[in-house]
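Have a look at the structure below, then the notes.
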Amino acid sequence: MREEDDGAVRTVVRVIGELCLPAGLVLLLFYAYLLWGTGAETEREQHVLQQRLGEVFDRDRGHAGPGAVRLGDALALLRIPRLGAGYRFAVVEGVGPAELRKGPGHFPGTALPGQVGNFVLSGHRTTYAAPFNRLDELRRGDDIVVDARDARYTYEVTRKEVVDPGEVDVVDPVPGHPGRRPTTAVMTMTTCHPEFSAAQRLVVQGVLVRREERQD
Amino acid sequence: MYRFLWRRLPGGTALRLAVVLLLTGVTVAALWYVVFPWLAPRVPIG
């Protein structure tokens, strides 16, 4: 009886051990999907969004207003020279999971590019092409260039900090001052911190320093 | 367990290998194109 019990236990342990191998492989595959699979999906979306944005820019030729757009549509083109000449992302309207799969998203209800108030963007740090992966490399004085439908707006980085997810006053019209009426145009970019975690938020803020005709 | 499953597969070694590769491919495709896209937004890693 005792030997039968031992045999059953051994069989169970062996089967569990053998199941750990495919489980580990599935986890590795999921990790690869998070890093590269989601990125491929976002790059496909970005290709389409940037193409559409180019068509809108060609059509409007600076004669349009900043223009609110539908959720998931491209609002503007974001470039950050500090992160390389090739760094460019179409910013979509909305910050829900479906929108952030496409690229960095504009927080609905916050200021549009160039407007007085807080132009708030949110983006993924490690998945979905990780548009805000290197935000931590930005320094005070770095340019953030936003090509909107009506003009090109350049913001200059003024502040970088790590906050808890509950500190939502960073997206107020005057960041950190709930209820205060804005008098300047600022922008805020938020992403998860540290990488591979959503425990905190990395926040980069800037102030509008230049408005100029777009160079298409 | 794997030895048991291998024995249950039909045919000779070549056919068994083909079945294993086919099943593996179908499983990986289902994970990559169906399960992972559903799961990824629910994982809080930003």
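The values are calculated or read from the model by the stated rules, or taken from the named source; none is laboratory data. Keep in mind that this is a model prediction, so the values were computed, not measured. Heads up, the Cβs are rebuilt from the backbone with ideal geometry, glycines too, and the neighbour counts pull from every protein chain shown.
When each of A:D136, A:D150, A:D143 is tested for being over 15 Å from A:V203 (Cβ atoms) and either at pLDDT 95 or above or buried (at least 24 other Cβ atoms within 10 Å of the Cβ) (or both), the lone residue that passes is A:D143. The C-beta contact set for segment B:29-46 (first residue over 13 Å from A:F30 (Cβ atoms), second residue outside any loop (DSSP other than H, G, I, E, B) and polar (S, T, N, Q), distance under 8 angstrom, 6+ apart or interchain) comprises B:G46/A:T191. Taking the residues in segment A:104-133 that are touching a helix residue (DSSP H, G or I) at 6+ places or on another chain (Cβ under 7 Å) and more than 14 Å from chain B (Cβ to nearest Cβ) as candidates, determine which candidate is nearest to A:A185 (Cα to Cα). Within segment A:104-133, the match that is nearest to A:A185 (Cα to Cα) is A:N118.
The single condition among (1) in a helix (DSSP H, G or I); (2) under 19 Å from A:E43 (Cα atoms); (3) among the charged types (D, E, K, R) that A:K102 does not satisfy is (1).
Scanning segment A:105-122 for residues being in contact (Cβ under 8 Å) with a residue 40 or more places away in the chain and either over 14 Å from A:V168 (Cα atoms) or part of a strand (DSSP E or B) (or both) gives a total of 12. Scanning segment A:178-198 for residues that are touching a residue at least 12 places away in the same chain (Cβ under 8 Å) and assigned to a loop (DSSP other than H, G, I, E, B), we see that the one that is surrounded by the fewest Cβ atoms within 10 Å (Cβ to Cβ) is A:T183.
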